Amino acid sequence: MENFNPFKMAQQQFDGVAETLGLDSGTRELLRVPQREYHFTIPVKMDNGTTKVFQGFRVQHNDARGPAKGGIRFHPHETIDTVRALATWMTWKCAVVGIPLGGGKGGVICDPHNLSDREQEQICRGWIRQIVRNVGPLQDVPAPDVMTHGQHMLWMLDEYEHIMGAHLPGFITGKPVGMGGSLGRTEATGYGVMYTLREALKGHGVDIKATTASFQGFGNVSQYAIELYMQYGGKAVAVSCWDQKDQKSYSFIRNSGIDLKELRSMADKFGSIDKEKAKKAGYEVADAAAWIAQDVDILVPAALENQVNAETMGKISKKVKFVVEGANGPTTPEADQLFKKNGVFVIPDFLANAGGVTCSYFEQVQCNMNYFWSKDEVLSKLDHIMTGAFHGVYELSKERKIYMRDAAYMIAISRVAEACKMRGWV
Ligand code: GLU
C-alpha cells in the first residue's frame, strides 16, 4: 500500500462520474485539479533554543459555490497530494449537503505529540502569517481536522485579527464555545455520521437496537459517532486507536459492548487508549486490523484514508451489511468495487461526515449575526440538513439502481459544474 496516492484516487472517482454525467472537457479539466495551491515554510523557535522549519500547505480546490472551506491537519505524514485530495472532497462535501461553500484543505507536516503548546501556537501563528492574503471570511475559511482543535483555531484567529486590525470571527470555524464557536460543533461530525446511518437502517427496515458495530479511530469523529450510536440503542463492540508510545494502532474489543465513558477516561487528549488499563477493564487488546474483522452488522472507519483496502478487505465478515465512512477517503477503489459486488450498503465519506462542515457553516452564520443558538437548535438544524442530503442521494441511488458513492458524486459534481457554468468559467 506504499504507493497509495489519495489524490489519484479522488481524480479516479471524479473521472468515472464525469464520464457518466457527460461533462464537457473544459469542466472536467477544471474540476479534476485544484484552482490554487500554496506551499510555504513556517520557521519556529523551539523550546530548546534551536529553529525548526515546518512545511505548511493550503489548497483551494474550487470556490464556485462560495468561499473555500475545510480543515487544517497536523500530521507527520502530510503530503501535498493528501491535502489536494482532501480539498477536492471538501468541494463535493459542501455541494452534496447544499451549503454555500467551496472546498479547501490545509496542513502542516508535524507531530503535535512531540510539540509543546508554545511550539504549536507558533506553528499556528506562522501558518497564518504565510497565507494571510489568500484566506479570509469571504475567500477561504479554515477549521480543525486531524490533530487540530479549538485552541489551534483561536491562536490562528488571534493572529489573523491582529494583522487585519479587526474582529473577524467568521474567518475560522471550530472555535471554542464562548469565543465565537458554536454549541454542537464538537459533536457535529460524529453525530452527522449517525444521522445518516439511522436513515439508512430505517430505509432497509433494520432496527438499530438490534445491530452491532465496530469503529476505527478514537478521535473526535469516532467518539461522538459511538456516543450517538449507543444512545440510539446500538451495541459497539470494538474500537481501534493509535498508540503513540508503540507507534502503531491497536484494537480494543469487548463482546458484551464497550463503555465509551470508561474508554474516554483511559485515553489521552489525542485519543490513544491506555492498553494496561483497558486489559484490566476486560477489553481484549488486539492488532490494528482486528476492528475490521469483527462479526458485526456495521463498520465505521473514522480514522484516516486508505484503511479499507485490498489487503484489509479480506478480513471483513460476511455479516457486515453497512459501512459508514466517518473518515475522509478510507476506502480504496479496489475495496469499493468489492463492496459494490457484495451488496454492502456504503454511506460515502463526503456525505456521511459532512456534519462537521455543516455545523461550521452554522458557526459562520451565528458569528455574522453575533447571535448564538442553543445546542438543541444547532443539532436539530444539523439533523435536518444531513437527513435531507442522505435521502436526496438514497433516492437517486434507488431510482437509477446505482451505488451510493456514485449517486452522491453525481449530485455533488452536477451542482459544482452548474455553478462554474453559470459563472461563465466554462
Ligand atoms: N475537517 C472537517 C472535514 O473534513 C470539517 C471542515 C470544516 O468544518 O470546514 O469535513
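Of the listed requirements (1) open to solvent by less than 40 Å² (accessible area, probe 1.4 Å); (2) free of Cβ contacts under 8 Å to residues at least 24 places away in the same chain, GLY49 misses just one: (1). Scanning the stretch 256-283 for residues that are exposed (fewer than 14 other Cβ atoms within 10 Å of the Cβ), of a type outside the set (Gly, Ala, Ser) and modelled with pLDDT of 95 or more yields LYS261, GLU276, LYS279, LYS280. Hey, does the stretch 298-312 have a residue that's charged (D, E, K, R) and at pLDDT 95 or above? There is no residue in the stretch 298-312 that is charged (D, E, K, R) and at pLDDT 95 or above. In the condition set (1) open to solvent by 20 Å² or more (accessible area, probe 1.4 Å); (2) over 18 Å from LYS235 (Cβ atoms); (3) among the hydrophobic types (A, V, I, L, M, F, W, C), ALA293 is compliant with all but (2).
Residue pairs whose Cβ atoms lie under 8 Å apart, sitting 6 or more positions apart in sequence or on different chains, and linking a residue in the stretch 134-148 that is at pLDDT below 95 to a partner that is of a type in the set (Phe, Trp, Tyr), are VAL146/PHE74; MET147/PHE74; MET147/PHE270.
Annotation note: of GLY203, GLY219, GLY234, the sole residue that is open to solvent by 20 Å² or more (accessible area, probe 1.4 Å), within 26 Å of PHE339 (Cβ to Cβ) and more than 21 Å from the chain's Cα centre (by Cα) is GLY203. Restricting attention to the stretch 154-199, the residues that are out of contact with any Phe, Trp or Tyr (no Cβ under 9 Å at 6 or more places or on another chain), among the aliphatic types (A, V, I, L, M) and either within 13 Å of the ligand (Cβ to nearest atom) or not in a loop (DSSP other than H, G, I, E, B) (or both) add up to 2. Scanning the stretch 296-307 for residues that are touching a Phe, Trp or Tyr at 6+ places or on another chain (Cβ under 7 Å), open to solvent by 20 Å² or more (accessible area, probe 1.4 Å) and within 30 Å of PHE7 (Cβ to Cβ) turns up just one, ASN306. In the stretch 121-153, of all residues being open to solvent by less than 10 Å² (accessible area, probe 1.4 Å) and in a helix (DSSP H, G or I), the one that is farthest from the ligand (Cβ to nearest atom) corresponds to GLY126.
A residue that is open to solvent by 60 Å² or more (accessible area, probe 1.4 Å), farther than 27 Å from GLN35 by Cα and hydroxyl-bearing (Ser, Thr, Tyr) occurs somewhere in the stretch 185-198.
The values are calculated or read from the model by the stated rules, or taken from the named source; none is laboratory data. Only a predicted model underlies this, so the values are computations on that prediction, with no experimental measurement involved. No Cβ is skipped: glycine too gets one built from the backbone with ideal geometry, and neighbour counts run over all protein chains shown. Note: areas computed on protein heavy atoms with side chains; ligands, DNA, RNA excluded. Shrake-Rupley method; radii C 1.70, N 1.55, O 1.52, S 1.80 Å.
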